[in-house]
Amino acid sequence: MKILLTGGTGFVGSNILNALIKEEHEVTVIASTHTENPIPKGCKVVYLGLEGLNWKEAYGKDAVIHQAANNDTLFEDMGEMYRANVYGPISLFHHALQGGCKKFVYASSTAVYGSQPAPYNEDTTLVKPLNVYGESKARFDEFAMEFAEKKDIDIIGLRYCNVYGPGEGHKGKRASMIYQLIRQIVGSKGATLFEDGEQKRDWIYVDDVVGANMAALHSNNLSGVFNCGTGTATSFNDLVNIIKRFHPECSASMKPQYIDNPHEETYQTHTECDIKKMREELGFSPHFDIEKGIAAYIKSLAVL
């Protein structure tokens, strides 16, 4: 297949790109130079954001996999956030359709649910985001589903829960809490958590996110938004204990340091997905539970 992949040097995008190359697809990558993730040989690379893209790059594609985004949940400039996460992608989808594309897969987020009670269900949980990032993702979901119905094309949005795994190091402070904790604990600094460490997240290993995207790519006559998590929530305190168990150099006596949460009003205290729709309609189930995922991640980080 001829595929246009945006965000191809980002965290999730670079992992999807490796899977696409393995399947021998012809990939055009919209990339950023602000990353440590390399581009495999055999791809056409365009180092421009959507704003500067020659839209002819979107023509003649069998599929678009859209991963590029401003994913800073603390970013408050709504105009800039919408330009990156709504208006640019809308233009991309329109031009790709004009060029003959009938299949689209894109990254959404469970940030659209805000502080609604978990587990989140795509059909019954209210979309009520707590920040501008979540609002932008919710708005694009609305566009995408309306566009799919109006144009009779396949569009699948994957509402990522909390993704972690190889390829996120360049994100710095925006990297997953699992990455941050591994670095803190292995560096003998001790873990720092928001009081009281019992906040919970549905963590999904990046290999499973790739698997969900590939399942979406290979689906037929299917459109919709799908939660992309594991269906299980793990507290930050439990994360610390799991990391210590899988890293032999960690001190078993190390206790977390707790600090006040300065973002309490816009902070999701419990994320957890109902993934029945992903399993039944998309035909994909995660392969990594939290312990298997952390063990694989620690090994990949070469910190043993």
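Here, each number is a calculation from the coordinates, and none is a lab measurement. All figures in this text were calculated on a predicted structure; none of them were measured in a lab. Virtual Cβ from ideal backbone geometry, glycine too; neighbours counted across all protein chains shown.
Rounded to the nearest 5, what % of DSSP beta bridges with both residues in the chain are antiparallel?
5
Tell me which lysines have Cα within less than 21 Å of Lys299's Cα, excluding those fewer than 8 residues away on the same chain?
Excluding near neighbours in sequence, the set is Lys171, Lys189, Lys244.
Gain in length, Thr124 to Glu146, computed as 0.36 nm per residue apart minus the alpha-carbon separation, to one decimal in nm?
Separation in residues times 0.36 nm, less the Cα-Cα distance, equals 6.1 nm.
Stretched out fully, how many nm does the piece from Asp289 to Asp260 gain, at 0.36 nm a residue minus the Cα gap?
7.5 nm
Ranked highest first by average number of other Cβ atoms within 10 Å, how do 8-16, 74-82, 285-293 line up?
Going by the mean number of other Cβ atoms within 10 Å, highest first, we get 8-16, 285-293, 74-82.
Tell me the net charge near Arg83. Cut-off is 11 Å between Cβ atoms, Arg83 excluded, with +1 for each Lys or Arg and -1 for each Asp or Glu.
-3
Give the calculated FRET efficiency between Met78 and Ile21 to the nearest 0.05, with a Förster radius of 35 Å applied to their Cβ-Cβ distance.
Once the sixth-power term is evaluated, E becomes 0.45.
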